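J.: I am attaching a structure below and will ask some questions about it afterwards.
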Amino acid sequence: MPDDVVERVAVDLAAADWQGKAAVHTCGSKDSAALTALAQRGALTGTLHPAYPFASVETAINGLPGAAFAIEADEPRLLAWLVELVRALDGHVLNIPPGQKALYHAALVIASNYAVTLYAVAEALLLDIGAERMAADAALNALVAGTVDNLRAQGLPAALTGPLTRADVTTIGAHLRALTPYPPVAEVYQALARLTYPVLRARGLNVEAIEALLRGYHAGEHS
């Protein structure tokens, strides 16, 4: 269901008396302004969004305890209620400043939704070279799970592995040449490499050789 439905539902509910009541929505990208129609009727308004992927009801029930929850409320009483609710689930509170809900949600989409997209791209590349899907998925699942484990245990920037951390321009160049038949993937590969520069710098690594390679590839020097 689109997030824009929140405003329409709020308008539909605004006929009631909301004095002394609170209204909270769980939409990820909308802030409490989506409930303006109810606030105008006297409601305390806020948002509570679980930072968790709802692939199924069962996984959500098992995974929500201990998850992070974004909360937003201008009124201290409602904010305190929302914090208490999160803590009852052994959750972590993410306080969202006014006007920043969409940026918060974009961060979650990048980390969660697009992780699935990148997995699908990697799987397609492996299938293109003749790998069986079961074997490809076994390899990718182990890599993704290991990466998540590394992030939990070591955090950033230590969790990063791979040729970028070694400034291995020979390997990176080989990747770019291999991706020549897949122009959109090659562009994403380069963009992700550049987005990794802050992590590399946090580890004290120099990115100049990597950037020189990427600039050369983009200029057509790979041919």
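No value in this document is a laboratory result; all are computed from the given coordinates. Owing to the predicted nature of the structure, the values given are computational and were not obtained by experimental measurement. Neighbour counts are summed over all protein chains in view; Cβ atoms, including those assigned to glycine, are modelled from backbone coordinates with ideal geometry.
J.: Among bridges DSSP assigns within the chain, what percent are antiparallel (round to 5)?
T.: Numbers: 5 of 13 bridges.
Approximately 40 percent, going by the DSSP bridge assignments.
J.: Cα axis of helix 208-218 to longest principal axis of the chain: angle in degrees, 0 to 90, nearest 10?
T.: 90 degrees
J.: Looking at the range 5-97 only, what percent of DSSP beta bridges run antiparallel? Nearest 5 please.
T.: In the range 5-97, DSSP labels about 40 percent of beta bridges as antiparallel.
J.: Rounded, prolate or oblate: pick one for the range 100-155, where a ≥ b ≥ c are the square roots of the eigenvalues of its C-alpha gyration tensor, a/c under 1.5 means rounded, and failing that, prolate if a/b is larger than b/c, else oblate.
T.: Note, shape of the range 100-155 comes out oblate.
J.: Residue by residue through the range 142-148, what is 3J(HN,Hα) from phi via Karplus (6.51 cos²θ - 1.76 cosθ + 1.60, θ = phi - 60°)? Round to whole Hz and write x for glycine and proline.
T.: Whole-Hz 3J(HN,Hα) from phi for the range 142-148: 5, 5, 5, 4, x, 5, 4.
J.: Right, here's the next one. Using only Cα atoms, tell me the angle between helix 183-195 and the longest principal axis of the chain; keep it within 0 to 90° and round to the nearest 10.
T.: Orientation of helix 183-195: about 70 degrees from the principal axis.
J.: Can you list, largest first and rounded to whole Å, the semi-axes you get for the range 57-147 by taking the square root of 5 times each eigenvalue of its Cα gyration tensor?
T.: So the equivalent ellipsoid measures 37, 16, 8 Å along its semi-axes.
J.: Excluding V93 itself, what net charge comes from residues whose Cβ is under 13 Å from its Cβ, given Lys and Arg +1 and Asp and Glu -1?
T.: Residues close to V93 contribute a combined charge of -2.
J.: On to the next question. Separation between the Q154 and H92 pseudo-spin-labels, each 7 Å from Cα along Cα→Cβ, expressed in nm?
T.: 1.9 nm
J.: Kindly rank 34-47, 122-135, 71-84, 199-212 from highest to lowest mean number of other beta carbons found within 10 Å of each residue.
T.: 34-47, 71-84, 199-212, 122-135
J.: Per the Debye formula with a single identical scatterer at each Cα and no solvent contribution, what log10 I(q)/I(0) holds for the chain at q = 0.10, 0.15 Å⁻¹?
T.: Relative scattering, expressed as log10 I(q)/I(0), comes to -0.65, -1.08.
J.: From the square roots a ≥ b ≥ c of the eigenvalues of the alpha-carbon gyration tensor of the range 1-57, which class results: rounded (a/c under 1.5), prolate (a/b over b/c), or oblate?
T.: Values: a/c = 2.43, a/b = 1.92, b/c = 1.27.
Cα axes put the range 1-57 in the prolate bin.
J.: Given charges of +1 on the Cβ of Lys and Arg and -1 on the Cβ of Asp and Glu, with all other atoms neutral, how large is the dipole of the chain about its Cα centre, in debye to the nearest 20?
T.: 420 debye
J.: What do you get for the angle between helix 76-88 and the principal long axis of the chain? Use alpha-carbon atoms, 0 to 90 degrees, nearest ten.
T.: 60 degrees
J.: So for the range 80-204, considering every pair of alpha-carbon atoms, how many percent are separated by more than 23 Å?
T.: 49 percent
J.: Once the convex hull of the alpha carbons of the range 5-97 is built, what does its volume come to per residue, in cubic angstrom?
T.: Numbers: hull volume 9.3 nm³, N = 93.
With only Cα atoms used, the range 5-97 gives 100 Å³ per residue.
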